[in-house]
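S.K.: First the structure, then my questions, so here it is.
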Amino acid sequence: MSDYTQIKLDIADGIATVTLHRPEKMNAFTRIMMQEFIDALDVTDADDSVRAVIVTGHGERAFCAGADLTPEGGGHVFSDPNPVEDLSDERVRDGGGRLTLRLFNSKKPLIGACNGVAVGVGATMQLPFDIRICSENARFGFVFARRGITPEAASSWFLPRLVGMQTAIEWCMTGRIFDANEALHRGLVRSVHPSDGLMKAAIKLAREIADNTSAVSVAMTRAMMWRLGAGGHPMDAHRIDSRSIYRLSRSADAKEGIASFLEKRPPNYPDTVGEDMPDFYPWWDEPGYN
């Protein structure tokens, strides 16, 4: 897929920008948007020139106003004319969850730049981003209880890990809308910016990663933090840490990292995620790994 209709994908100077783009609908989420976003992540993962991905919404009014429940939204489980009884049927799977699981598996760091209203899936899709920043006019809402449904997009896994159980339960049980300052103070976002400075801040973060770090190191760090931080015992992390340090310490990137440090010059890392990930990656697909 290359001709996107509901998102935009721009790649320049090592940074990819995914823009949710349905300006007439406050960038509301549809199955088409889900499919296009997932495809864009496949593109950025496969492109070794991409060192970081920024995700934002079109305009200053909304990041994403939740799921589009209108007929032009392309259909939704709320109005499915052909319901299924077998809950293991593939058609039961939540579209927001399909997207967040793909975001979770990204090899590239994800920076969210929330430019306005983000409710429902507009809020939950941001949870797998590695760093989230927002504009002063951002508003968030996990509004599911006010619609007679439950949180989706695997947010019951992501949200408590980001903001703690008490805050996650409060936000989801009340379904209230809250502002950028509360999102900052509760730990949902890293920083709040004027609207005209939001993308500058996101690009600055992306540049810091792109210009100074090893792509393989960042991809491994991302996978380790998200997966091992939820493990049941530090030994789970120790096993993977040990493998990773052993393999990467013998890599061309490690040699370059040390040389550039000693020579007091910017690094030029040669390894890529397309060719040089450690031989045990992805370790979570190994038989018997829990």
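S.K.: Checking residue 121 against (1) outside the structural domain of residue 66 (by TED's automatic domain parsing); (2) in contact with a Phe, Trp or Tyr (Cβ under 6 Å, 6 or more places away or on another chain); (3) not small (Gly, Ala, Ser), which single condition isn't satisfied?
M.R.: Result: residue 121 passes all but (1).
S.K.: Which condition breaks for residue 85 when tested against (1) among the charged types (D, E, K, R); (2) at pLDDT 95 or above; (3) exposed (fewer than 12 other Cβ atoms within 10 Å of the Cβ)?
M.R.: Checking residue 85 against (1) among the charged types (D, E, K, R); (2) at pLDDT 95 or above; (3) exposed (fewer than 12 other Cβ atoms within 10 Å of the Cβ), the one that fails is (2).
S.K.: Related question: Across the range 228-253, what is the total count of residues that are in a helix (DSSP H, G or I) and of a type outside the set (Asp, Glu)?
M.R.: Going through the range 228-253 one residue at a time, the tally reaches 15.
S.K.: Looking at 269, 289, which is the one that is modelled with pLDDT under 95 and in contact with a helix residue (DSSP H, G or I) (Cβ under 7 Å, 6 or more places away or on another chain)?
M.R.: 289
S.K.: Moving on. Based on what the data block shows, is residue 136 touching a Gly at 6+ places or on another chain (Cβ under 6 Å), assigned by TED's automatic domain parsing to the domain that holds residue 15 and charged (D, E, K, R)?
M.R.: It is false that residue 136 is touching a Gly at 6+ places or on another chain (Cβ under 6 Å), assigned by TED's automatic domain parsing to the domain that holds residue 15 and charged (D, E, K, R).
S.K.: Another question about this same structure. Scan the range 239-290 for residues that are among the acidic types (Asp, Glu) and over 26 Å from the mean Cα position of the chain (by Cα) and jot them down.
M.R.: Answer for the range 239-290, where residues must be among the acidic types (Asp, Glu) and over 26 Å from the mean Cα position of the chain (by Cα): 256, 263.
S.K.: Go through the range 204-263 residue by residue and tally those that are surrounded by 13 or more Cβ atoms within 10 Å (Cβ to Cβ), basic (Lys, Arg) and over 29 Å from residue 157 (Cα atoms).
M.R.: 3
S.K.: Return the residues of the range 124-167 that are charged (D, E, K, R) and either closer than 19 Å to residue 202 by Cα or out of contact with any helix residue (DSSP H, G or I) (no Cβ under 7 Å at 6 or more places or on another chain) (or both); say none if nothing qualifies.
M.R.: Those that are charged (D, E, K, R) and either closer than 19 Å to residue 202 by Cα or out of contact with any helix residue (DSSP H, G or I) (no Cβ under 7 Å at 6 or more places or on another chain) (or both): 130, 132, 136, 139, 146, 147, 161.
S.K.: Moving to a separate point now. Just for the range 25-75: of the residues that are among the charged types (D, E, K, R) and under 20 Å from residue 152 (Cα atoms), which one is surrounded by the fewest Cβ atoms within 10 Å (Cβ to Cβ)?
M.R.: 31
S.K.: Still on this structure, please answer the following. Cβ-Cβ under 6 Å, sequence separation 6+ or interchain: first residue in the range 197-219 and closer than 24 Å to residue 281 by Cα, partner in a helix (DSSP H, G or I). Which pairs?
M.R.: Listed pairs, sorted by first residue: 214/253; 216/253.
The values are calculated or read from the model by the stated rules, or taken from the named source; none is laboratory data. Note that the structure is predicted; figures quoted are calculated from it, not measured. Every residue, glycine as well, gets a Cβ built from its backbone with ideal geometry; the counts of neighbours run over all protein chains shown.
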